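The values are calculated or read from the model by the stated rules, or taken from the named source; none is laboratory data. These numbers were taken from a predicted model, which means no experiment stands behind them. Positions of Cβ are generated from backbone atoms using ideal geometry, with glycine treated the same way; all protein chains shown enter the neighbour counts. Calculation scope for accessible area: heavy atoms of the full protein, side chains included, ligands and nucleic acids excluded. Shrake-Rupley method; radii C 1.70, N 1.55, O 1.52, S 1.80 Å.
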Amino acid sequence: MKVTRDLDSRSVDNWLHVARDGLLALDHFAEASAEESAGGDFLSWCKGERSRSHPFPAAEVAMRESDAVARDEKLSRKRMLPVPKEAHPDSVVFMQAHVKIGPGDTVAPRLHFYEDGPRSGLAYVGCLGPRLPNTLT
(Lines give C-alpha, C1' and ligand atoms only; values in the text may rest on other atoms or scores of the structure.)
Protein backbone atom coordinates (compact mmCIF):
# COMPACT_ATOMS: atom_id res chain seq x y z
CA MET A 1 0.00 0.00 0.00
CA LYS A 2 2.87 2.40 0.71
CA VAL A 3 4.00 2.18 -2.92
CA THR A 4 0.58 3.12 -4.26
CA ARG A 5 0.22 5.92 -1.69
CA ASP A 6 3.59 7.33 -2.79
CA LEU A 7 2.51 7.22 -6.42
CA ASP A 8 -0.87 8.74 -5.58
CA SER A 9 0.74 11.64 -3.73
CA ARG A 10 2.74 12.53 -6.86
CA SER A 11 0.21 11.45 -9.45
CA VAL A 12 -0.30 13.41 -12.59
CA ASP A 13 -3.86 13.41 -13.90
CA ASN A 14 -3.03 11.58 -17.08
CA TRP A 15 -1.02 8.65 -15.62
CA LEU A 16 -4.07 6.41 -15.54
CA HIS A 17 -4.99 7.29 -19.13
CA VAL A 18 -1.44 6.77 -20.40
CA ALA A 19 -1.25 3.36 -18.67
CA ARG A 20 -4.61 2.34 -20.17
CA ASP A 21 -3.63 3.53 -23.63
CA GLY A 22 -0.29 1.73 -23.39
CA LEU A 23 -2.00 -1.52 -22.36
CA LEU A 24 -4.53 -1.27 -25.19
CA ALA A 25 -1.82 -0.55 -27.76
CA LEU A 26 0.31 -3.41 -26.43
CA ASP A 27 -2.65 -5.79 -26.64
CA HIS A 28 -3.38 -4.81 -30.24
CA PHE A 29 0.31 -5.12 -31.10
CA ALA A 30 0.46 -8.65 -29.65
CA GLU A 31 -2.60 -9.68 -31.66
CA ALA A 32 -1.07 -8.21 -34.82
CA SER A 33 2.19 -10.04 -34.07
CA ALA A 34 0.37 -13.36 -33.97
CA GLU A 35 -1.08 -12.57 -37.39
CA GLU A 36 2.40 -11.59 -38.65
CA SER A 37 1.23 -8.09 -39.46
CA ALA A 38 2.94 -6.16 -36.66
CA GLY A 39 6.15 -5.56 -38.60
CA GLY A 40 8.75 -5.66 -35.82
CA ASP A 41 8.77 -4.89 -32.13
CA PHE A 42 6.30 -2.73 -30.17
CA LEU A 43 8.31 0.45 -30.75
CA SER A 44 8.36 -0.12 -34.52
CA TRP A 45 4.64 -0.83 -34.42
CA CYS A 46 3.96 2.44 -32.56
CA LYS A 47 5.90 4.33 -35.23
CA GLY A 48 4.08 2.69 -38.13
CA GLU A 49 0.72 2.83 -39.83
CA ARG A 50 -0.50 -0.45 -38.33
CA SER A 51 -0.96 1.15 -34.91
CA ARG A 52 -3.58 3.63 -36.14
CA SER A 53 -6.51 1.86 -34.44
CA HIS A 54 -4.82 2.16 -31.02
CA PRO A 55 -1.97 4.66 -31.36
CA PHE A 56 0.62 5.14 -28.65
CA PRO A 57 3.45 7.70 -28.78
CA ALA A 58 6.69 5.97 -29.78
CA ALA A 59 8.61 8.50 -27.66
CA GLU A 60 7.08 6.87 -24.56
CA VAL A 61 8.36 3.36 -25.43
CA ALA A 62 11.81 1.99 -24.61
CA MET A 63 12.66 -1.48 -25.86
CA ARG A 64 15.80 -1.79 -23.78
CA GLU A 65 17.43 -0.42 -20.68
CA SER A 66 20.72 1.42 -20.76
CA ASP A 67 23.85 -0.73 -21.02
CA ALA A 68 24.77 0.34 -17.49
CA VAL A 69 21.49 -1.01 -16.10
CA ALA A 70 21.64 -4.19 -18.18
CA ARG A 71 25.20 -4.94 -17.02
CA ASP A 72 24.59 -4.20 -13.34
CA GLU A 73 23.52 -7.45 -11.66
CA LYS A 74 21.60 -5.75 -8.86
CA LEU A 75 19.68 -3.47 -11.25
CA SER A 76 19.05 -6.10 -13.92
CA ARG A 77 17.76 -8.56 -11.29
CA LYS A 78 14.96 -6.07 -10.50
CA ARG A 79 13.84 -6.53 -14.13
CA MET A 80 13.70 -10.32 -13.95
CA LEU A 81 9.94 -10.59 -13.87
CA PRO A 82 7.49 -13.49 -13.93
CA VAL A 83 5.83 -14.97 -17.00
CA PRO A 84 3.94 -18.26 -17.43
CA LYS A 85 6.00 -21.38 -18.16
CA GLU A 86 4.47 -21.40 -21.66
CA ALA A 87 6.24 -18.09 -22.35
CA HIS A 88 9.61 -19.13 -20.91
CA PRO A 89 10.71 -22.39 -19.26
CA ASP A 90 12.22 -20.50 -16.29
CA SER A 91 8.93 -18.63 -15.68
CA VAL A 92 10.96 -15.43 -15.51
CA VAL A 93 12.45 -13.13 -18.18
CA PHE A 94 14.58 -10.00 -18.27
CA MET A 95 11.94 -7.36 -19.05
CA GLN A 96 13.82 -4.32 -20.19
CA ALA A 97 11.11 -3.16 -22.61
CA HIS A 98 8.84 -0.61 -20.96
CA VAL A 99 6.29 2.11 -21.45
CA LYS A 100 7.07 5.44 -19.80
CA ILE A 101 3.88 6.48 -18.07
CA GLY A 102 5.16 9.70 -16.58
CA PRO A 103 8.09 12.09 -17.01
CA GLY A 104 11.62 10.92 -16.30
CA ASP A 105 11.77 11.50 -12.55
CA THR A 106 12.50 8.73 -10.09
CA VAL A 107 8.86 8.04 -9.19
CA ALA A 108 7.10 8.23 -12.56
CA PRO A 109 5.50 4.85 -13.27
CA ARG A 110 6.73 2.37 -15.82
CA LEU A 111 5.00 -0.58 -17.42
CA HIS A 112 7.55 -3.36 -18.06
CA PHE A 113 6.48 -5.94 -20.62
CA TYR A 114 7.59 -9.01 -22.53
CA GLU A 115 6.57 -9.48 -26.16
CA ASP A 116 5.42 -13.01 -26.90
CA GLY A 117 3.14 -12.02 -29.77
CA PRO A 118 4.71 -13.96 -32.63
CA ARG A 119 4.49 -17.21 -30.63
CA SER A 120 1.29 -16.79 -28.61
CA GLY A 121 -0.42 -13.54 -29.61
CA LEU A 122 0.20 -12.24 -26.08
CA ALA A 123 2.27 -9.64 -24.32
CA TYR A 124 3.01 -10.09 -20.63
CA VAL A 125 3.13 -7.22 -18.14
CA GLY A 126 5.65 -7.94 -15.43
CA CYS A 127 5.46 -4.69 -13.53
CA LEU A 128 3.26 -1.61 -13.51
CA GLY A 129 4.44 0.76 -10.85
CA PRO A 130 7.12 3.22 -9.79
CA ARG A 131 10.22 3.41 -11.92
CA LEU A 132 12.57 0.56 -11.06
CA PRO A 133 15.99 1.42 -9.61
CA ASN A 134 18.56 2.59 -12.14
CA THR A 135 21.96 4.24 -12.20
CA LEU A 136 20.42 7.64 -11.36
CA THR A 137 18.35 6.54 -8.35
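Miscellaneous remarks
- Under-5 Å amide H pairs with ALA123, H placed in peptide plane, nonlocal only: ASP116
- Using distinct alpha-carbon pairs, which all enter the 1/r mean, Kirkwood radius of the chain in Å: 15.4 Å
- Taking 0.36 nm per residue of separation and subtracting the Cα-Cα distance, full extension of the segment from ASN14 to ARG71 would add 17.2 nm.
- Leading residue at positive end of dipole, the stretch 8-137 (Cβ point charges), from ALA70, PRO118, ILE101: ALA70
- Linear extension gain, ALA62 paired with HIS88, 0.36 nm per residue minus alpha-carbon span: 7.2 nm
- Accessible surface, per residue, of the stretch 68-107 when the full set of protein chains is kept, probe 1.4 Å, Å²: 57 Å²
- Per residue, the chain reaches -9500 deg cm²/dmol at 222 nm when only DSSP H runs of four or more residues are counted, each adding -39500 (n - 2.57).
- Contact order relative to length of the stretch 16-137, as percent, for alpha carbon pairs under 8 angstrom and 6 or more apart: 26 percent
- Amide H partners (placed H, <5 Å) of GLN96, local residues excluded: none
- Ordered by solvent-accessible area of protein heavy atoms (1.4 Å probe), largest first, the residues VAL92, VAL125, VAL107 come out as VAL125, VAL92, VAL107.
- Listed by chain and number, the aspartates and glutamates placed with their C-alpha closer than 13 angstrom to that of LYS100 are ASP21, GLU60, GLU65; residues fewer than eight positions away on the same chain are left out.
- Computed magnitude of the charge dipole of the chain (debye, nearest 20; Cβ of K, R +1, Cβ of D, E -1): 480 debye
- Accessible surface of the stretch 35-87, 1.4 Å probe, proportion on carbon and sulfur as whole %: 48 percent
- The solvent-accessible area of CYS46, taken with every protein chain present and a 1.4 Å probe, is close to 20 Å².
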